[in-house]
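Participant: My structure is below; once you've seen it, I'll send some questions.
The values are calculated or read from the model by the stated rules, or taken from the named source; none is laboratory data. No experiment lies behind these values; they were computed from the predicted model shown. Quick reminder, even Gly has a Cβ in these numbers, built from the backbone with ideal geometry, and neighbours come from all protein chains shown. Note: areas computed on protein heavy atoms with side chains; ligands, DNA, RNA excluded. Shrake-Rupley method; radii C 1.70, N 1.55, O 1.52, S 1.80 Å.
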Amino acid sequence: MTQSTSRARLTHLGFYVRDLDAQAEFYKKVFSLVETDRGVSGAGDPIVFMTGDSSEHHQLVLTAGLPPEASRTWLNQVSFRVDTLAALQEFNSWLEQCGITPSATVSHGNAWSIYFLDPEGNNVEVYAGSPWYVPQPFRKPVDLHWPTQQLLDETYQSVKDNGEFRPIEDWAAELDQQLDEALTSS
């Protein structure tokens, strides 16, 4: 079987929640998402569609129905990307204004991330990509209150001697080749 030459791209994530309205308000407040529709799912559960991009009807779908007795959700994380490290630092300040304390602020070498929990304990990540490829997993705590250039310099010093460290463009070109081969050999 051969896959078409068009690659499907991930556009949205949906998960079950206990308190639909509280969760929707959290994502509206923290990420400025807009509710595009609200209704009842085919399974009969209340559902909310939200987006922050006019080219996507929804990027996040919240569905009521997570049982109150569930000890945890099975969602690993919901991740949001910002364009630059400076924008991530601004987002960190925004979280402080919202009264949200991150569980971690880290460098992954290939990105800087803020992790925190939504009202139901789902792990949320906001991140900015770095200019480098660094094999994962890599995790080093950072202080996003530092000046941007200091964070860049500190990250570079912590990853430059890794044997597979390289500019992200080089890594992406190699990955593009692998993806093209995967499409044609499927």
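Participant: Among the residues of the stretch 7-16, are any open to solvent by 60 Å² or more (accessible area, probe 1.4 Å), at negative phi, charged (D, E, K, R) and touching a residue at least 24 places away in the same chain (Cβ under 8 Å)?
Facilitator: So far as the stretch 7-16 goes, yes, one or more of its residues are open to solvent by 60 Å² or more (accessible area, probe 1.4 Å), at negative phi, charged (D, E, K, R) and touching a residue at least 24 places away in the same chain (Cβ under 8 Å).
Participant: Something else now. So which of LEU151, LEU144 is open to solvent by less than 40 Å² (accessible area, probe 1.4 Å), part of a loop (DSSP other than H, G, I, E, B) and at pLDDT 95 or above?
Facilitator: LEU144
Participant: VAL34 is checked against (1) open to solvent by less than 60 Å² (accessible area, probe 1.4 Å); (2) more than 21 Å from TYR115 (Cβ to Cβ); (3) not charged (D, E, K, R) and fails just one. What number does that condition carry?
Facilitator: Here VAL34 clears every test but (1).
Participant: So which residues in the stretch 154-171 are surrounded by fewer than 12 Cβ atoms within 10 Å (Cβ to Cβ) and in a helix (DSSP H, G or I)?
Facilitator: Result: GLN157, GLU169, ASP170.
Participant: Give, as residue ranges, the strands (runs of 3 or more DSSP E) completely inside the stretch 47-126 that count at least 3 residues that are open to solvent by 20 Å² or more (accessible area, probe 1.4 Å). Outline the logic, then answer.
Facilitator: Numbers: elements: 60-64, 78-81, 104-107, 111-117.
The qualifying strands (runs of 3 or more DSSP E) are 78-81.
Participant: Give all pairs with beta carbons closer than 6 Å in which a residue from the stretch 159-186 that is under 25 Å from SER107 (Cβ atoms) meets a residue that is assigned to a helix (DSSP H, G or I); count only pairs at least 6 apart in sequence or on separate chains.
Facilitator: The qualifying pairs are PHE165/VAL159.
Participant: State all residues of the stretch 98-121 that are among the hydrophobic types (A, V, I, L, M, F, W, C) and under 13 Å from the mean Cα position of the chain (by Cα); if no residue qualifies, say none. Step through it out loud before you land on a result.
Facilitator: Within the stretch 98-121, the subset among the hydrophobic types (A, V, I, L, M, F, W, C) is 98, 100, 104, 106, 111-112, 114, 116-117.
Passing the criteria: ALA111, TRP112, ILE114, PHE116, LEU117.
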